[in-house]
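A.B. asks: Shown below is the structure under consideration.
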Amino acid sequence: MKKATGSPSVGGSCPQKNAEILSSQYGINLFLAGLLLTFAWAVHAVGISKSHLLSYLITLMLIQLLWMLWYLCRSCTQRRLIRDKDTHAGARWLKCGITLFAVITLILDSFKIGYYIDFSNCLSPTEGIFPVTHAVHTILQVYFLWCHAKDIIQSFKTLERFGVIHSVFTNLLLWTNGVLTESKHQLNEHKERLITLGFGNITIVLDDHAPQCNCTTTTLCSIFSQGIYYLYPFNIEYHILASTMLYVLWKNIGRKVEHHQQHKTPFKFHGITVGMIFGLIVLTSTIAIVVVYLIQIGRSKIKSELALTMFYLHAIFVLALMCTAGIVALLIYRLEDRSLDNSKNPARKLDAELLVGTAAGSWLLSWGSILAIICAQAHPKYTWYNLPYSVLVIIEKYIQNLFIIESIHREQEKVNDDIKTLRIVTISRGSTLSLTPSYKEIYNGRAAHDSGEVPCLFKGSICGRENGGGGSKEETSQENSSVMHSASDFSFYSRNSVTNNKRRVLKNIAAFLFLCNLSLWIPPAFGCRPEYDNGLEEIVFGFEPWIIVVNLAMPFSIFYRMHSAASLFEVNCKT
């Protein structure tokens, strides 16, 4: 009977593994088909229009909507069933972040609807259907992630694998579409700026996808068309966050988890004042730099060069501070003797892989800039600032990745029982009395004063006197013993104080790096991209090859900063 009951679980692992492989291949093919369709539209392929791409995306979103509705209905009917949850997945702060991005994405969809209404005479109906479908998809998906991101699915596993992986790659395609649309807009502006920097030998051909008709209300059309591109960075972050959360849900299907107590780690502002102050200074100065950069760049050659110099000097200073903070944090870790948590965890593993994988995007751009500076024949003054900037970008990500990955793998610190039983002691008349009951006494419900006994901290002293034998030698030995134990208690206190100081420093460093990563996310997300405007790389590598490299690497670089900020927020809560 035992073999009969045990065999299905062993044999069932093979079909489930096959289902995982089949579903992943389905998702990859789904993504590749959409990627080629997006590329064909971008290069104006014959017979491929924007309506074909939008129709494909609308179809994918409708299929995902049907699956999510089915899953939500099934969950409501089985609400009484006790389900396993992955406590590491779908943290509250992550849900709040994706909700914020989703709200701004809904504003973007409303702008697109308004834009379609104003140009309805010459736009395809799919351009009006797409934002409506996308808005409904966004609302339902955020609700789904809030309610079920932690689920470990144990029923209908094969069907659910296909549903979840479909959702993952649908969000990745929507992310790709947003990145491409935003990049094409940035590229047109970049081509115009190169003229002001004196790069007249580069052929300027604008990639225009504007409607071929007049707008019904010119003012509203201008607001919608300009506002859309300022909102795209939030839409891009929303879809990449949604895809990562859904991927963790997919990896958790059929997973067996160990049931052990999880410690809640709420975020607290107490004790991180220094890190927050310095981080806010960096954030404020970065916003000011971005505003000045966007105003000055492209106005004239002198103003553009000053804007680039200002950006590089500010970024060098911030990156140097971040490198120093990361090195200090790693040195503190080297002084501590704490083991790493090597248990299987899909969310934590994905975090580490995303950090290293997306960092490769900015590393690629940095090495390209370094090579261009070395190989170029002429070097404008502002391009020399690009060299230390590129080197620091590489070093800073090395240090920060090591700090974050080690932090999320470190086990929660357990308070020593000796520190828990630390008492406030007083020395009076040669005896040491405990003024408070110990932690263990309180826990066991038998504090000394409740039973009417005199609280004794150490053997000897008053307890010894009550039992008789009050010779001077015994009193002397008892006093010496009291002092030794008192010194031991205070050594525990000092050790605990050092630990708290280290923890406070680490929390301040995590808070500072959190705000710095948010600061460094702002410039590329809102069009402040010296990799475009520098001009030196285009001369060395050629305009089209370098632009392709930048367009491929920049989305990963932008996502890296936001993902690092999210990981550092978790580190701050955990420390």
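The values are calculated or read from the model by the stated rules, or taken from the named source; none is laboratory data. Note that the coordinates shown come from a computational prediction; the quantities given were computed from them, not determined experimentally. Glycine gets a Cβ as well: all are built from the backbone with ideal geometry, and neighbour counts include every protein chain shown. Just the protein is used for accessible areas: all its heavy atoms, side chains included, with ligands, DNA and RNA removed. Shrake-Rupley method; radii C 1.70, N 1.55, O 1.52, S 1.80 Å.
A.B. asks: State all residues of segment 100-136 that are acidic (D, E) and closer than 22 Å to N171 by Cβ; if no residue qualifies, say none.
C.D. replies: Those that are acidic (D, E) and closer than 22 Å to N171 by Cβ: D109, E127.
A.B. asks: In segment 310-333, which residues are within 16 Å of R529 (Cβ to Cβ) and surrounded by fewer than 18 Cβ atoms within 10 Å (Cβ to Cβ)?
C.D. replies: Applying the first criterion (within 16 Å of R529 (Cβ to Cβ)) to segment 310-333 yields 310-312, 314-315.
Of everything in segment 310-333, just one residue is within 16 Å of R529 (Cβ to Cβ) and surrounded by fewer than 18 Cβ atoms within 10 Å (Cβ to Cβ), namely M310.
A.B. asks: If the Cβ limit is 9 Å and pairs must be 6+ apart or interchain, which residue in segment 281-301 that is modelled with pLDDT of 90 or more pairs with which residue that is of a type in the set (S, T, Y) and part of a loop (DSSP other than H, G, I, E, B)?
C.D. replies: No pair meets every condition.
A.B. asks: Additional query: Is it true that some residue in segment 503-517 is closer than 28 Å to W93 by Cβ and modelled with pLDDT under 85? Explain how you work it out, then say what you get.
C.D. replies: Here is the first cut: in segment 503-517, the ones closer than 28 Å to W93 by Cβ are 503-517.
Next cut, modelled with pLDDT under 85 only: 503.
Yes: one or more hits.
A.B. asks: A19 is checked against (1) under 24 Å from D351 (Cα atoms); (2) among the small types (G, A, S); (3) modelled with pLDDT under 85 and fails just one. What number does that condition carry?
C.D. replies: So the condition that A19 fails would be (1).
A.B. asks: Just wondering, is there one or more residues in segment 352-360 that are among the acidic types (D, E), at pLDDT below 90, part of a helix (DSSP H, G or I) and surrounded by 14 or more Cβ atoms within 10 Å (Cβ to Cβ)?
C.D. replies: Looking only at segment 352-360, we keep the residues that are among the acidic types (D, E), and these are 353.
After this cut, where a residue has to be at pLDDT below 90 as well, the list is 353.
Retained after the next criterion (residues that are part of a helix (DSSP H, G or I)): 353.
Next, from what is left, pick out any that are surrounded by 14 or more Cβ atoms within 10 Å (Cβ to Cβ): none.
No, there is no match, as no residue in segment 352-360 is among the acidic types (D, E), at pLDDT below 90, part of a helix (DSSP H, G or I) and surrounded by 14 or more Cβ atoms within 10 Å (Cβ to Cβ).
A.B. asks: Any idea which residue in segment 112-126 is modelled with the lowest pLDDT, counting only those that are open to solvent by less than 40 Å² (accessible area, probe 1.4 Å) and assigned to a helix (DSSP H, G or I)?
C.D. replies: So the residue we want is D118.
A.B. asks: Next question. Please list, ordered by first then second residue, the pairs with beta carbon atoms under 6 Å, 6 or more apart or interchain, first in segment 363-383 and of a type in the set (A, V, I, L, M, F, W, C), second at pLDDT 90 or above and surrounded by 14 or more Cβ atoms within 10 Å (Cβ to Cβ).
C.D. replies: W363/I394; I370/S390; I373/L387
A.B. asks: So which residues in segment 524-543 are within 15 Å of P555 (Cα to Cα) and either open to solvent by less than 10 Å² (accessible area, probe 1.4 Å) or free of Cβ contacts under 8 Å to residues at least 60 places away in the same chain (or both), if there are any at all?
C.D. replies: P524, A525, G527, C528, R529, P530, Y532
A.B. asks: Under the condition of being among the hydrophobic types (A, V, I, L, M, F, W, C) and in contact with a His (Cβ under 8 Å, 6 or more places away or on another chain), which residue from segment 22-48 is modelled with the lowest pLDDT?
C.D. replies: Filtering first and then ranking leaves W41.
A.B. asks: Given the condition within 14 Å of the chain's Cα centre (by Cα), open to solvent by 10 Å² or more (accessible area, probe 1.4 Å) and of a type in the set (V, I, T), answer yes or no: does some residue in segment 503-515 qualify?
C.D. replies: So far as segment 503-515 goes, no, none of its residues is within 14 Å of the chain's Cα centre (by Cα), open to solvent by 10 Å² or more (accessible area, probe 1.4 Å) and of a type in the set (V, I, T).
A.B. asks: Now for a separate question. When the residues of segment 128-183 are narrowed to those that are among the aliphatic types (A, V, I, L, M) and assigned to a loop (DSSP other than H, G, I, E, B), which ends up nearest to A40 (Cα to Cα)?
C.D. replies: Checking each candidate, the answer is A149.
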